[in-house]
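Everything on this sheet refers to the single structure shown next.
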Amino acid sequence: MQSLNIDRSAPQSTRQAAAPAVFESLRRVLATDTSKTAAFQRVALAAVVLPHGLQKVFGWFGGWGIEGTLGWFQSALGVPAPVAALVIVSDFLGAIALGLGLFSRVAALGTALTMLGAIAMVHASNGFFMNWAGTNPGEGFEFHLLALGLCLPLIVRGGGAFSLDRWLAARLGART
């Protein structure tokens, strides 16, 4: 039988060199402090965004479900299906992740990008104010601006106290 001459040290050393960099990046994403304010912001943002995700995924609360939402994004806004799918994932899974404090920075970034896209593509042309009286052709962007105000500190500082990020970061040896 002929044996294969495989240099197993190269892949192993490559893996060993890459592993610390990956763990350090993961630690940075997860690292947070004990801020109860950040925890409140995170849960409040999740509570506001999750119902929109439930509309988009299950059609609850007068929503269209996945197919209807994808169709509307494509036909009314000209948004490609993969981008529309990311919005749906952000509003649904991202909101759940925010509520749990799991990858809070990433989830808040997804929500922030969704809010910026909504402002730019739909709501800026309707002005600042929400359409409480039903007299304007659409909704303004004040809601989206408030959501952005909750997102930005979470992106910068993390999910705060009572977050799975904090628990995972401690397991990975992150500085908190």
query = Which residue, chosen from Met121, Ser104, Phe61, occupies the Cα position most advanced towards the positive end of the dipole of the chain, where the dipole is computed from +1 (Lys, Arg) and -1 (Asp, Glu) charges on Cβ about the Cα centre?
reply = Ser104
task = For the chain, set up a Gaussian network in which alpha carbons nearer than 10 Å are linked by springs, and say which option among Ala76, Ala147, Ala46 fluctuates the most.
result = Ala76
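Quick one: if the Förster radius is 22 Å, what FRET efficiency do Ala120 and Ala170 give, using the C-beta to C-beta distance and rounding to 0.05? Each step should come with its number before you reach the end.
Working: r = 39 Å, r/R0 = 1.75.
The pair Ala120/Ala170 has a calculated efficiency of 0.05.
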request  = Compute the signed sum of charges (Lys and Arg +1, Asp and Glu -1) over the other residues within less than 14 Å, Cβ to Cβ, of Ala85.
outcome  = -1
Taking all pairs of distinct alpha-carbon atoms in region 57-110, Kirkwood radius in angstrom = 11.7 Å
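Which length gain, in nm to one decimal place, applies between Gln74 and Phe129 when the Cα-Cα distance is subtracted from 0.36 nm times their residue separation? Could you put the intermediate results ahead of the total?
Numbers: separation 55, 0.36 × 55 = 19.80 nm, distance 2.59 nm.
So the chain would gain 17.2 nm between Gln74 and Phe129.
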ask   = Taking the inverse of the average 1/r across all pairs of different Cα atoms in the chain, what Kirkwood radius in Å do you get?
value = 18.2 Å
remark   = Computed, not fitted: 222 nm per-residue ellipticity of the chain from DSSP H runs ≥ 4 (each -39500 (n - 2.57)), nearest 500, equal to -20500 deg cm²/dmol
key: Radius 14 Å from Cβ of Ala147, net charge of other residues (Lys, Arg +1; Asp, Glu -1)   = -2
remark   = In nanometres, the difference between 0.36 nm per residue of separation and the alpha-carbon distance of Glu24 and Leu152 is 43.9 nm
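Any read-out appearing in this document is the output of simple, stated calculations on the displayed coordinates, not a laboratory observation. All figures in this text were calculated on a predicted structure; none of them were measured in a lab. Glycine also receives a Cβ, built like all others from the backbone with ideal geometry; neighbour counts cover every protein chain displayed.
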